[in-house]
Structures are given as C-alpha cells and as structure tokens.
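Here is the structure we will look at.
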Amino acid sequence: MRTDLVVVGLGYVGLPLARRAHEAGLTVLGYDVSDAVVAGLDAGRSHVGDVSDEQLAAMRAAGFRAGTDPSVIRRADTVVICVPTGLSARRRPELGAVEAASRTVAAHLRTGTLVVLESTSHPGTTDDVVRPTLERTSGLRVGEDIHLGYSPERIDPGNKEFGLPNTPKVVSGCTPLCAKHAVAFYSRFVDTVVVSRGTREAEMAKLLENTYRFVNIALVDEVALLCDHMGIDVWDVLHCAATKPFGFEPFTPGAGVGGHCIPVDPHYLAAKADAEGFPLTLVPAAQGVLDRMPRHVVNRAAALLGETTGRSLRGARVLLLGVTYKPDVADVRETPAIPLARGLRAEGAELVYHDPYIPEFAVDGAVISRAASLTEALNDVDVAILLQGHACYDTSMVGRAGCPVLDTRGKVAGARTALL
Ligand SMILES: NC(=O)c1ccc[n+]([C@@H]2O[C@H](COP(=O)([O-])OP(=O)(O)OC[C@H]3O[C@@H](n4cnc5c(N)ncnc54)[C@H](O)[C@@H]3O)[C@@H](O)[C@H]2O)c1
C-alpha cells in the first residue's frame with residue numbers, strides 16, 4: 001500500500017514534520033535506526049516536546065507507525081531525511097548519518113519518488129553526497145526517474161507563535177522539475193513556500209541564519225565582558241540599544257549557546273569555507289568569545305561569594321537554576337550548564353540544580369543532585385546562579401533569596417544579586 005510520506009529520522013525535526021503532515025491529511029510512516037525511539041513511539045510516548053502523547057495517539061489512530069524496518073521506504077511517494085548532523089570532538093562536521101540514511105533510502109527507492117534532505121549541512125551536501133549515493137545504489141537518475149531536493153528545517157522548539165505551518169519554508173530541487181515536485185509536496189501543509197535558486201542556496205541560507213545568531217550572541221557576550229570590566233550595566237545598555245526602531249536586532253548575553261543548531265551549524269560553514277581555501281574569520285573569533293563565557297560565570301560567582309560571605313567556591317554549595325539550553329524547553333543538548341558545571345566542580349564547588357523540565361542532570365557521568373523545592377534550595381545553598389529564565393521562575397522571589405544570586409539573564413533585582 002502506498003503512503004504519502006515516510007520520514008527518516010524521528011527526532012526533534014522528523015516527528016513534528018510527521019505530525020504536521022498527518023494533521024494536513026497526508027498518510028505518514030516513520031523509519032528510525034533507534035530501537036529505543038521506535039519502542040517509545042510504539043508505546044505511545046513522544047520523546048519530543050513539540051509533539052504531545054495525545055497528538056501521537058491521533059497520528060497512530062490514523063495509521064502512523066514508526067519502525068526500524070527500512071522497507072517501508074518503498075511505499076513512499078515522498079521520503080524526507082531528518083537525521084542528525086553533529087560535530088566531532090574537534091568540531092568537524094560528521095555526515096555519517098546523512099550518508100547512511102541516503103544508502104538506506106537508495107536501497108528501497110522506486111521510480112517517481114521525491115526525496116528531500118532536511119538535515120542541516122554545508123552547501124553541496126544534497127548534490128555531492130546524497131545524489132550520487134541515491135543514483136549509484138538505485139540505478140535511478142535524479143531529475144528523470146526520481147526527484148531530489150533540500151529544504152532546511154527552521155523549527156524553534158517551544159515557540160508558541162511560529163511552528164511548521166506558519167514559518168515560511170525554503171524549498172529547492174536539484175533540477176527545476178525536482179523543485180516543482182518539492183514545492184507541490186510542502187505546499188500541502190505549509191502556508192508559504194519560498195523557492196530557492198538551487199539546493200546550495202537553500203543549504204547556505206540555513207547556515208547563514210544560524211551563523212548570524214552565533215556571531216551576534218558572541219558580540220553581545222564580548223560587550224558584556226567589556227561592560228563587566230568597565231563597571232557598566234550591560235542589561236541597561238541592551239535595553240537602551242533595543243529601543244532603536246530600525247537597524248538593531250537585540251541578542252542577549254549568557255553563559256554560552258546551546259541546542260543542536262547554533263553551536264553546531266556555523267562549524268559546517270567554517271569547515272566548508274576551509275575546504276574551499278576561503279577560511280572564515282568571524283566564526284572562529286565568535287567561538288573564541290563563547291568559549292570564554294563559562295569561565296567568566298565561574299569567576300563572577302566566585303567574586304560574588306567572596307564579597308558577600310568571604311568564602312571561596314571550594315566546598316561551597318552552588319545552585320544552578322535552569323539547566324536547559326533555552327527557557328521553557330526540556331532539552332539539555334549542548335547546554336552551557338555543562339561547561340559551567342565542569343568549571344565550578346574544578347573549583348571544588350558542590351553542585352545542586354533546580355529545573356522543572358529536567359528530572360535528572362548528569363555531567364561527565366556524575367549526577368548532580370536535584371532540588372525539589374526552589375524556595376528551600378535558595379535558603380540552603382551558598383550561592384545561586386540563574387542560568388535559564390523559565391517562565392515559572394518568580395524572579396522577584398529569587399531576588400529575595402537567602403543566598404546571593406548571580407543572574408546571567410538580566411531578570412533578577414535584589415540587594416545581593418550580581419549581574420553577568
Ligand atoms: N532540533 C532542532 O531544533 C533543529 C532545527 C533545525 C534543523 N535541525 C537539523 O535537523 C536534523 C535532525 O535534527 P534533530 O534535532 O531532529 O535530531 P535528533 O537527534 O533529535 O533526531 C534524529 C533521529 O534520526 C535517527 N537516525 C540517525 N541515523 C539514522 C539513519 N541512518 N536512518 C534513520 N534514522 C536515523 C536517530 O535515531 C534520531 O531519532 C539535524 O541536521 C539538525 O541540525 C534541527
């Protein structure tokens with residue numbers, strides 16, 4: 001039996017895509033290499049915040065199934081690849097999952113299928129990595145027997161205003177006919193489709209979007225470091241600058257950048273630029289600033305503790321408030337809380353965390369104890385560090401805490417509160 005869509009890789013991108021396509025009336029199946037992911041979905045449990053168990057149940061009632069058997073791909077009119085594109089320990093792109101998924105798709109491809117890559121990667125990935133794999137293994141020709149395109153995902157986990165349907169979707173094809181098929185597919189469940197000239201332009205657009213955030217966050221971080229050095233209130237500076245109604249986009253400083261995109265994608269751009277013999281200067285410079293931020297926060301916490309209690313971090317109880325990489329999202333991937341915890345431990349601090357979204361938090365295999373009650377924790381530690389401004393945090397209550405508070409988000413006012 002045919003199905004409109006098979007999603008390959010059912011994570012933060014693939015599962016919401018499957019849900020949206022299902023809501024729009026498409027028949028959808030999923031394929032993933034992970035037994036754990038498939039078992040969870042089979043049991044009706046969503047592991048992705050943007051898809052609830054109820055929504056998953058509705059999908060399943062309409063026929064959605066996740067599986068580890070790739071032969072479902074043969075049934076698809078469209079296959080969308082949403083597998084991870086991470087970095088090695090040396091921050092080099094790792095395309096192993098895209099290559100593996102391309103081989104799997106190729107082995108089960110039939111004439112007329114549209115294949116779209118959604119994984120973020122450097123310009124040329126669709127044409128130089130996916131296309132030859134599909135053609136070599138299947139014997140089918142892109143633009144003639146099958147269609148291939150690239151469409152970057154712009155999902156912003158936890159964003160209540162913009163989701164898949166109302167965020168313009170950049171879509172491209174390896175040939176004009178491929179683009180036409182890709183546009184027809186996405187137009188079924190996305191309000192606005194933006195067609196790029198080719199796959200490289202779409203791939204580059206995605207990297208530009210995230211590198212823009214990366215570089216601008218590093219800029220405000222560096223300004224925050226300078227403000228600290230000069231005794232200037234960086235949050236007031238940002239408040240004033242943000243009143244300019246044109247030409248200024250506000251970004252906020254913090255302990256670092258996290259998540260699966262912003263700390264990763266600029267390195268795809270930089271690596272490709274290196275390979276082209278055109279090394280970038282801004283990405284490494286921005287990374288250098290971002291790498292300094294956890295140490296800065298450790299130093300600020302040590303200074304605050306010294307000023308208010310005369311103690312050092314050695315043996316001090318330090319509370320981390322909000323350990324996710326962004327507010328109101330249950331996701332700790334690449335969270336700056338990790339390097340910060342390492343830095344604090346290296347100084348001999350004893351760590352406790354509070355985060356309503358994260359039931360267990362371990363760094364380098366060592367579990368950090370969880371405070372169940374925020375109020376009790378604030379009276380039980382030597383210093384607290386507000387890392388993430390979850391909406392549920394009553395910042396005026398945090399400001400009246402029994403302990404000094406280092407506020408890295410610019411949200412807490414209090415006599416014993418210090419800013420980043
Ligand atoms: N998370 C985001 O907010 C976000 C936003 C925009 C773009 N992206 C990009 O989308 C892509 C997917 O990211 P994600 O966050 O969904 O990743 P994820 O890790 O949440 O999910 C990826 C899934 O793919 C599966 N997988 C791995 N190799 C596979 C293979 N060969 N065949 C089938 N399944 C395979 C994994 O088991 C996992 O379930 C990445 O390129 C990422 O950069 C992510």
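Values for this structure:
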item: Residue among 17, 340, 280 with the largest mean-square fluctuation in a Gaussian network model of the chain, springs linking Cα atoms under 10 Å; result: 280
item: 11 Å beta-carbon shell around residue 280, net charge (K/R +1, D/E -1); result: -1
item: Partner lysines for residue 180 [C-alpha distance under 21 Å; skip if fewer than 8 residues away on the same chain]; result: 169, 206
item: Calculated FRET value between residue 415 and residue 312, using beta carbons and R₀ = 22 Å, to 0.05; result: 0.50
item: Å² of accessible area per residue within segment 3-197, as computed with a 1.4 Å probe and no ligands counted; result: 41 Å²
item: With Cα atoms, 0 to 90° folded angle of helix 96-107 axis to the chain main axis; result: 20 degrees
item: Segment 227-302: C-alpha gyration tensor shape, a/c 1.5 cut-off, then a/b vs b/c; result: oblate
item: Translational D in µm²/s for segment 293-341 (Stokes-Einstein at 25 °C, 0.890 mPa s, Kirkwood Rh from C-alpha pairs); result: 205 µm²/s
item: Shape category assigned to segment 3-197 from the gyration tensor of Cα positions, a/c cut at 1.5; result: rounded
item: Using alpha-carbon coordinates, inclination of helix 265-275 to the longest axis of the chain, degrees; result: 70 degrees
item: Kirkwood hydrodynamic radius over Cα pairs of the chain, then Stokes diffusion coefficient at 20 °C and 1.002 mPa s, in µm²/s; result: 93 µm²/s
item: Amide N proximity, segment 331-350 versus residue 369 label position 7 Å along Cα-to-Cβ, cut-off under 12 Å; result: 350
item: Spatial separation of Cα centroids for segment 182-238 and segment 255-289, in angstrom; result: 13 Å
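The values are calculated or read from the model by the stated rules, or taken from the named source; none is laboratory data. Predicted model only: the values in this text are computed from it and were never measured. Every residue, glycine among them, receives a Cβ derived from its backbone with ideal geometry; neighbour counts consider all protein chains shown. All accessible areas refer to the heavy atoms of the entire protein, side chains included, with ligands and DNA or RNA removed. Shrake-Rupley method; radii C 1.70, N 1.55, O 1.52, S 1.80 Å.
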